[in-house]
Amino acid sequence: MIKEEISSIIKSRQSIYPNDFNGNIIPEEVILELLENANHAPSHKMTQPWIFKVFCGDSKKMLLKEIIKEKDTPGKKNEKLKDNFNRSSHIICVCMKKNNHLLPEWEEISATAMAVQNLWISCVGSNIGGYWSTPKYANKLKSFLSLSQDEACLGFFYLGALNSKNIRKTKRKSIHDKVHWFR
Ligand SMILES: Cc1cc2nc3c(=O)[nH]c(=O)nc-3n(C[C@H](O)[C@H](O)[C@H](O)COP(=O)(O)O)c2cc1C
């Protein structure tokens, strides 16, 4: 049997959106703990391709300004984004190094996604909410994020403080529909 606590934590992970954030600031040492767990993701050849660019306070405003410039959409459409930024404590730009000379890109994207999953799972039970946003404009911020040619931005992980446990749960199709046994 696998440990019950592990199953419970994995099944409790969920996307929690900025509407539910209370606007409080998460202490930096807690953000670092989340990132430490992210850093324990596996990677082929131990390339550890994930790079996290963390924005808070004034730098968050600079990131928002840059995104609005890149999105190039009319003022009203940006109100929701501004509100999301205000409610968030930290916004992490999830980036990766491609290492094309060593590995296929999908392996480095996968390893980076595993790092995000570690971070996401680590939010469970600490009144921290978060979700991964992957808009098209993410990769237009390369120069703002000081990313080199062989690096990419895979979106934004919004993190915010919560008042209490959020109970919204997304439904899954049955695992029995997704597993083919060869016995
Ligand atoms: C790679 C990836 C990209 C995602 N991009 C977005 C996004 O751009 N916008 C969004 O609202 N949710 C995004 N999500 C969150 C998913 O919609 C969410 O994980 C899914 O609905 C399941 O809900 P849960 O996380 O609460 O289990 C993304 C999730 C993943 C794994």
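The values are calculated or read from the model by the stated rules, or taken from the named source; none is laboratory data. Everything numeric here is computed off the predicted structure, so don't read it as measured data. Positions of Cβ are generated from backbone atoms using ideal geometry, with glycine treated the same way; all protein chains shown enter the neighbour counts.
Any residue at all in the range 108-119 that's surrounded by fewer than 16 Cβ atoms within 10 Å (Cβ to Cβ), of a type in the set (D, E) and away from the ligand (no atom under 11 Å from the Cβ)? Within the range 108-119, none of the residues are surrounded by fewer than 16 Cβ atoms within 10 Å (Cβ to Cβ), of a type in the set (D, E) and away from the ligand (no atom under 11 Å from the Cβ).
Report whether or not G129 is at pLDDT 95 or above and in contact with a Leu (Cβ under 8 Å, 6 or more places away or on another chain).
yes
Scanning the range 93-106 for residues that are crowded, with 17+ Cβ neighbours inside 10 Å and out of contact with any Lys or Arg (no Cβ under 7 Å at 6 or more places or on another chain) yields V94, M96, K97, K98, N99.
Scanning the range 156-183 for residues that are away from the ligand (no atom under 15 Å from the Cβ) and at pLDDT below 95 yields a total of 2.
Taking the range 120-145 only, how many residues are touching a strand residue (DSSP E or B) at 6+ places or on another chain (Cβ under 8 Å), among the small types (G, A, S) and either under 21 Å from P27 (Cβ atoms) or more than 12 Å from the ligand (Cβ to nearest atom) (or both)?
Residues flagged as touching a strand residue (DSSP E or B) at 6+ places or on another chain (Cβ under 8 Å), among the small types (G, A, S) and either under 21 Å from P27 (Cβ atoms) or more than 12 Å from the ligand (Cβ to nearest atom) (or both) within the range 120-145 amount to 2.
Looking only at the range 141-183, residues that are of a type in the set (D, E), closer than 22 Å to N99 by Cβ and not in a loop (DSSP other than H, G, I, E, B) come to 1 in all.
Scanning the range 134-183 for residues that are surrounded by fewer than 10 Cβ atoms within 10 Å (Cβ to Cβ), in contact (Cβ under 8 Å) with a residue 40 or more places away in the chain and not polar (S, T, N, Q) returns R168, K169. Among residues that are closer than 21 Å to I9 by Cβ and within 13 Å of the ligand (Cβ to nearest atom), C153 is not included. Does at least one position in the range 135-152 carry a residue that is within 21 Å of Q117 (Cβ to Cβ) and of a type in the set (S, T, Y)? No, there is no match, as no residue in the range 135-152 is within 21 Å of Q117 (Cβ to Cβ) and of a type in the set (S, T, Y).
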